[in-house]
């Protein structure tokens, strides 16, 4: 029985390895670079660099293991990156196709309900640069039909065999079969909407589940790194090795691990941007954002000069003149200058709250607008005259501004562009553009309003799950940061107290304490500075992780960066004081 289980396990392992190799070879074949050229130009030099790093690690064998270990690891990283880069590139292409597939098919459905030819639908989508890889696929299909005189269903089947995205490949296959059987494009796409949104919901939920796994793995790895860093601080007391070198090596590994997790979370997070950034329209919100950013950066620069300059004796005003603390703890020299970054961070957080509320109100507005236009057979301006008096929450003011612009005979496209620029919501901008294009081309307003409202409600429900995942991630990162800082400075303060005890006891002639406790190798202020560097990098990378998972504006990360920085600084000062009071003799 055991032999049968082992043979089954062996077969499953061989099958998994075979699947990995087959997938890697497939990614090499899909590259734009010939395989032979990639092997000679990229893979072979990376393998040579790996051999060099191994040789360097052997040459410097007299150095401690914790310093030698990262050298060949760097070579392994370079060779592994070169080996799996085609796989990563193919995965990025697949992600780029899947991220906006729901918006792309919704846009296609809107165009199909108008009075234009089906090939014009593909040509219009091919010109939408915002869809990226999806627009390129439309361009290839249009080229196959126009240049190579293939039928549309044959072109779709050919691209279905070559695209790396399974959902898009299945969609092309179904579309080719339906068009070949004579089914109208709009009829097929209207029936396809439910399945497309279900697929999008499945992919979105799977990404959030992957983030949950990454959070558990991140907690395990960071706790391990924390354990290693505490040992690197404390063990030289017994071994007599240089603690600065060991602590520096572990800190580099700590930052490397955190950076790797940030990259992984960034690649796994669902692509669902919150903000819309108009390129040619400057709104009052843009001016306030710039003012908040300049104020935060300016005050940070001033406090940095006071803090660092006063510490170095350059500035006439020191941090001790500002804070009622003497002496000023070393972590405060970093935390105080960064505090003004809360200005843009808190402002952007408040603005994002308003954008999320507008997103929640938009489906009811667009459904009411489409239904009213369809029932009254009137223009958008006439319908808005009534709708602007209704309560659509935070969106009411923007609807009133849209009516005023349309009533002033401003061109409808420009009026809607200013409406979306004021809302600053990515979803509102995309769906408003779809509705406007559909109306201009003769589509049914009621059908357009219901279609857009239903699809946007699905996205909003998924965003609620993403908000919950972000909240748990924030709690995890704050908790780990606090626990890690507490452990770091407990080890440091214990060593500091042992050093003082050694100095007191060395005056006794009974025995030599230095033979048991090697405290003379420590440079306590330097090690404390290195631990503060860990706090800064942890705050930086943790805030970027939160911003990536949340999908908000980059300036929103400033708030979490400052809070995490102050959290680490206060815990470090509290820990040193607590350990000193407990262990002082």
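Bear in mind these aren't lab numbers, they're just calculated from the coordinates by the rules spelled out. Given the structure is predicted, the values throughout are model-derived calculations rather than measurements. So basically every Cβ, Gly included, is an ideal-geometry build from the backbone, and we count neighbours across all protein chains shown.
Here are the numbers for the structure shown:
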item: Gained length - residue 89 relative to residue 29, 0.36 nm times residue gap less alpha-carbon distance; result: 20.4 nm
item: Potential extension, residue 195-residue 302 segment - 0.36 nm per residue separation minus Cα distance; result: 32.9 nm
item: Alpha-carbon spread of the chain, three principal axes, descending order, Å; result: 103, 67, 48
item: The stretch 124-231: C-alpha gyration tensor shape, a/c 1.5 cut-off, then a/b vs b/c; result: prolate
item: Separation of the residue 205 and residue 280 label points, Cα + 7 Å toward Cβ, nm; result: 4.2
item: P(r) histogram, all alpha-carbon pairs of the stretch 58-211 included - 5 Å bins from 0, percent; result: 2, 8, 14, 18, 16, 10, 7, 5, 4, 4, 4, 3, 2, 2, 1, 0
item: Least to most buried among 137, 352 (fewest other Cβ within 10 Å first); result: 352, 137
item: Label-point separation in nm, residue 36 to residue 136, each point 7 Å along Cα→Cβ; result: 2.5
item: Sequence of 566, 275, 148 once ranked by neighbouring C-beta atoms within 10 Å, starting from the fewest; result: 148, 275, 566
item: Cα-projected label distance for residue 520 with residue 404, points at 7 Å along beta-carbon direction, nm; result: 8.0
item: Tensor-based shape of the stretch 306-429 (alpha-carbon gyration tensor, a/c under 1.5 rounded, otherwise prolate or oblate); result: prolate
item: Prolate/oblate/rounded label for the stretch 102-183 (Cα gyration tensor, a/c 1.5); result: rounded
item: Rounded FRET efficiency, nearest 0.05, which uses the C-beta distance separating residue 468 from residue 220 and R0 of 25 Å; result: 0.70
item: Fewest-first sequence of 452, 290, 116 by Cβ atoms within 10 Å of each Cβ; result: 290, 116, 452
